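Participant: Mind having a look at this structure? Questions to follow.
The values are calculated or read from the model by the stated rules, or taken from the named source; none is laboratory data. The structure displayed is predicted, hence computed values, not measured ones. In this analysis, Cβ positions are derived from the backbone assuming ideal geometry, glycine residues included, and neighbour counts consider all displayed protein chains. Quick note on the areas: whole protein, heavy atoms, side chains included, nothing else; ligands and nucleic acids left out. Shrake-Rupley method; radii C 1.70, N 1.55, O 1.52, S 1.80 Å.
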Amino acid sequence: MKVLFLTQTTELGPSSRYRVYQLLPLLRERGIGGDVSPAIDSSLYRAIYLGGRASRRAAFFAAWRRRRTDLHRLDGFDAVFIQKGVFPGLHSGFERKIAARKPMVFDLDDAIWLPRQGGSTLLRGLHRESAVQEILRCAAAVIAGNESLAEYARRFNRDVSVVPSVIDTSRYAGNADSPVVGWIGSGTTLPYLKPLATVFKTLGIKPRVIASGDPRVLGFEVDFRPWRLETELAELGQIGVGIAPLPDTPWERGKCGVKLLQYMACSIPVVASPVGVHNQIVRHGVNGFLAAGPAEWESYLSELIANPELRQKLGAAGRQTVGDRYDLRHAAERVGAVLRSLK
């Protein structure tokens, strides 16, 4: 079976990397090959998201040009897999044209029917939930990263499968068993750390932050490490306690918890907000802690910092959780089954 995978970015983008690129070798083992077409290439991604000077307008026009080209080569493929959409919440024309010619699988790992917090005011103003609904209706099948996303998708499509974002544990080594409290994310999600400012101050913590963007937006001091794909695993390996704070909003409830899985794959004990899929990934007191407010964050972090044996116990349980429930091969089998069902 030959599939055209239309991704938002190259493997530099976390969503495209986890939802498509890491699955491709295993899909080929299952007789599903084809081609991958990222809407924006690596150089433009670096320029926009990793400290360059390009505007997001450049990404918009690059995606438009690439997808117009892709429309002219659909005949060479049996199906099309679209990761999160061409212009989520803004325009559904490309997806409707594709679906009229080829069976289309639509994959989403965010609540893209909602306007994103932050970013361009113009894009938030232009956002149309109906554009996402149109894509869901015309897809032959939908793959959702969690049950919350699937519940919404089922309102518009009968063929919805849940395939969580997963981690290739073979790439992740153990952590340094240190008391270093760390967080990995992006420039757009840096504000998630702000509510913990008083917790860090009380505990005397300068958290290690692995991310793009400007850490000065936080308003407190951090040990900042610019995110790079080639250094990501080495940086993660130096964290002793992984944190995943989230506000309890509709957008965040749609997230798929990848940073938790990354920590756990490194046997890093975690403390997370009890929001959305975090409640399914973390078993409180077994493979990590769920902290509902500043007092709980302070309590669980101080306990983990002071107790190496507890860090080791929860970290090992977290690694087991990823291996048992978020296995790369199982995800590839489920995505492959959806694609094969289109023939």
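Participant: Can you list, largest first and rounded to whole Å, the semi-axes you get for segment 240-336 by taking the square root of 5 times each eigenvalue of its Cα gyration tensor?
Facilitator: Working: eigenvalues 104, 64, 14 Å².
Value: 23, 18, 8 Å, ordered largest first.
Participant: Distance check, please: which entries in LYS206/LYS313; LYS255/LYS313; LYS102/LYS255; LYS201/LYS255; LYS97/LYS343; LYS97/LYS194 exceed 31 angstrom between their Cα atoms? Don't skip to the end; give the middle numbers.
Facilitator: Values: LYS206/LYS313 24 Å; LYS255/LYS313 27 Å; LYS102/LYS255 29 Å; LYS201/LYS255 28 Å; LYS97/LYS343 19 Å; LYS97/LYS194 43 Å.
In this structure, LYS97/LYS194 lie more than 31 Å apart at Cα.
Participant: Taking only the alpha-carbon atoms of the chain, what semi-axes of the equivalent ellipsoid follow from 5 times the gyration tensor eigenvalues under a square root, in whole Å, largest first?
Facilitator: Working: eigenvalues 239, 96, 66 Å².
They are 35, 22, 18 Å, listed largest first.
Participant: Let me ask you something else. Give me the dipole magnitude in Debye, nearest 20, for segment 144-188 about the Cα centre, with unit charges on the beta carbon: positive for Lys and Arg, negative for Asp and Glu.
Facilitator: 200
Participant: Give me the angle, in degrees from 0 to 90, between the Cα long axis of helix 294-306 and the longest principal axis of the Cα atoms of the chain, rounded to the nearest 10.
Facilitator: 70
Participant: Of all accessible surface on the chain at a 1.4 Å probe, what whole percent is carbon and sulfur?
Facilitator: Values: 7560 of 14980 Å².
Whole-percent figure for carbon plus sulfur exposure: 50.
Participant: Given points 7 Å out from each Cα along the Cα-Cβ axis, report the GLU29 to ARG171 separation in nanometres with one decimal.
Facilitator: Rounded to a tenth, the inter-label distance reads 1.5 nm.
Participant: About its Cα centre, what dipole magnitude does the chain give when the only charges are +1 on Lys and Arg Cβ and -1 on Asp and Glu Cβ, stated in debye to the nearest 20? Walk me through the intermediate numbers first.
Facilitator: Values: 46 positive and 33 negative charges, 251 e Å.
Computed charge dipole of the chain: roughly 1200 debye.
Participant: Now for a separate question. If the label point is 7 Å along Cα→Cβ of ASP78, which residues in segment 88-117 have backbone nitrogen under 15 Å from it?
Facilitator: Within reach of a label on ASP78, which here means backbone N under 15 Å from a point 7 Å along Cα→Cβ, segment 88-117 contributes 102-105.
Participant: I'd like to know which of ASN146, GLY174, GLY93 lies farthest towards the positive end of the charge dipole of the chain, counting +1 on Cβ of Lys and Arg and -1 on Cβ of Asp and Glu.
Facilitator: GLY93
Participant: Let me ask something else. Per residue, how much accessible area does the chain show when a 1.4 Å probe rolls over the protein heavy atoms, in square angstrom? Numbers along the way, then the final one.
Facilitator: Values: 14980 Å² over 343 residues.
About 44 Å² of surface per residue is accessible.
Participant: Quick check: residue separation of GLU309 and GLU230 times 0.36 nm, minus the Cα distance between them. What number comes out in nm? Please report the intermediate quantities before stating the final value.
Facilitator: Numbers: separation 79, 0.36 × 79 = 28.44 nm, distance 3.07 nm.
Additional length available on full extension: 25.4 nm.
Participant: Related question: With angles folded into 0 to 90 degrees, how steeply does helix 56-71 sit against the dominant principal axis of the chain? Use alpha carbons for both and round to 10.
Facilitator: With rounding to tens, the tilt is 40 degrees.
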